[in-house]
Amino acid sequence: MDIQLSRVRHVRRAYGIDEIALVPGGGTVDPSLVQSHWTLGGIERPMPIIASAMDSVVDGPMAAQLSRLGALGVLNLEGLQARYDDPASALERIAAVEGDGFVGLMQELYSAPIQEELIPERVREIKAAGGIAAVSATPAGAMAFGRTVAQAGADLFFVQATVVSTRHQSPPGHNKLDLKAFCREMPMPVVLGNCVTYEVCMDLIHAGAAGVMVGIGPGAACTSRGVLGVGVPQATAIADCAAARDDVERSGGPYVPVIADGGIVTGGDVCKCIACGADGVMIGSPIARAAEAPGRGFHWGMATPSPVLPRGTRIRVGTTGSLERILRGPARLDDGTHNLMGALHTSMGTLGARTIKEMQQVEIVVAPSLLSEGKVYQKAQQLGMGR
């Protein structure tokens, strides 16, 4: 829908996941018959869930535990795990700092140089514990450490930034990452992101991405939208990028999974993202609430420590249960933040979708009152959906 912004400028209406609802079809399926398996870079997983490459969410033990439960965890190679032999004291300081001292502390802690020799050590730790070793770096980090990651034998490499494109312009004399060459030369599948448009998603797929991350700024701890004014609400962004994925496949190209990244807190959010076209989701704050999470009840984004323009903050998320309880249940909270897989399977069954592919085809309506309609008592008493 085009809207007239001025006499000469028209804009397109975009929708967030809080503004839509999923419509049941003509039949239902028992949740026990639902299949939520998906494949990323040749690796099949029963859970379409990836834990974000954030220091509050994933360390080596957490990555291994996520793998055992059927999900994936991505380790940030430009975070504390690659800067400190033992990052425990840094994590304790982040959890203890108060007020405005947080930004300065983060800039101090993340100014420590990355110790390249720690990268293979972290990969070995994950694999020795039986986990899938997925790691992440910015394009600059990928240029600097790609060879080390390859030699270490990582299983997946995520190249992530606020925005990644194949048409990046650099100042004279500055090297830039050739995404197509990088995907071709790395011995493991490479996932690229983030993006929010049909055209850029198409470019990243043609560059050789094994998966494409979708989302700019919706994360719970991210402030990019406020700092930069950049972003597209997730429902529209996912649907546009999923259309690019489908068009590539229809034209004889590979099927490249689309991964919704950011703004996902509840099981309902996971369901809506997949219905909009995502194959999987990347989540941060829900996993940061696990007892095993390294953030000690806090969560912060990857762009938070920037020495020039921080685009994230630290939020208190608390600790609500084990990782298994959050992913598989049984739930002890009634707000949708426990048993995310149970929510997905129940929603798929209610909608009559037996597979992720079928879930991507369910009817969607614009429903801005979905989360507030009839919830006056919950809101007044701060219970359930009123929290």
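The values are calculated or read from the model by the stated rules, or taken from the named source; none is laboratory data. What you see is a predicted model; the values in this text were computed from it and never measured. Please note: Cβ atoms are built from the backbone with ideal geometry, for glycine as well, and neighbour counts cover all protein chains shown. Only protein heavy atoms, including side chains, enter the accessible area calculation; ligands, DNA and RNA are left aside. Shrake-Rupley method; radii C 1.70, N 1.55, O 1.52, S 1.80 Å.
Per-atom-type breakdown for the range 40-318 gives carbon and sulfur 52% of the accessible area (1.4 Å probe, protein chains only). Could you check which residue among Ser372, Ser136, Ser52 shows the biggest mean-square fluctuation in a GNM of the chain with a 10 Å Cα cutoff? In the Gaussian network model the winner is Ser372.
If Rh is defined by the Kirkwood formula over all Cα pairs and Rg also comes from Cα, what ratio Rg/Rh do you get for the range 149-272? Display every interim value, and only then the final one.
Values: Rg = 15.0 Å, Rh = 15.3 Å.
Looking at the range 149-272, the ratio lands at 0.98.
Does the range 137-198 come out rounded, prolate or oblate by the C-alpha gyration tensor, with a ≥ b ≥ c the root eigenvalues, rounded set by a/c under 1.5 and, if not, prolate when a/b is larger than b/c and oblate if not? Oblate shape, in that a/c is at least 1.5 and b/c is the bigger or equal ratio.
Among the lysines, which have Cα under 28 Å from the Cα of Lys127 when same-chain residues fewer than 8 positions away are ignored? Within the straight-line cut-off, Lys127 pairs with Lys180.
Of the beta bridges in the chain, as assigned by DSSP with both residues counted there, near 35 percent are antiparallel.
Working ranking of peptides 58-70, 270-282 by packing, defined as the average number of other Cβ atoms within 10 Å per residue, highest first, is 270-282, 58-70.
For a straight C-alpha distance cut-off of 18 angstrom, the aspartates and glutamates reachable from Lys357 (same-chain residues fewer than eight places away being disregarded) are Asp30, Glu44, Asp240, Asp246, Asp247, Glu249, Asp269, Asp279. Note on His174/Val230: beta-carbon distance plugged into 1/(1 + (r/R0)^6) with R0 of 25 Å gives a FRET efficiency of 0.70. In terms of the mean number of neighbouring beta-carbon atoms within 10 Å, the peptides 189-200, 216-227, 108-119 order highest first as 189-200, 216-227, 108-119. Any idea what the relative contact order of the range 205-314 is, in percent, if you count C-alpha pairs under 8 Å spaced at least 6 apart? Rounded, it is 28 percent for the range 205-314.
Given contacts defined as C-alpha pairs under 8 Å and at least six residues apart, what's the relative contact order of the chain, whole-number percent?
Working: 839 pairs, mean separation 84.2, N = 387.
For the chain, the relative contact order is 22 percent.
Probe of 1.4 angstrom, ligands and nucleic acids ignored: what's the accessible area per residue over the chain, in square angstrom?
Working: 17230 Å² over 387 residues.
Ligands and nucleic acids excluded, the figure is 45 Å² per residue.
Size check on the range 238-387: the Cα extents along the three principal axes, sorted descending, read 47, 45, 30 Å. Label the chain by shape, choosing from rounded, prolate and oblate, from the square roots a ≥ b ≥ c of the eigenvalues of the Cα gyration tensor; if a/c is under 1.5 it is rounded, and otherwise prolate applies when a/b is larger than b/c, oblate when it is not. Judged from the Cα gyration tensor, the chain comes out rounded (a/c under 1.5).
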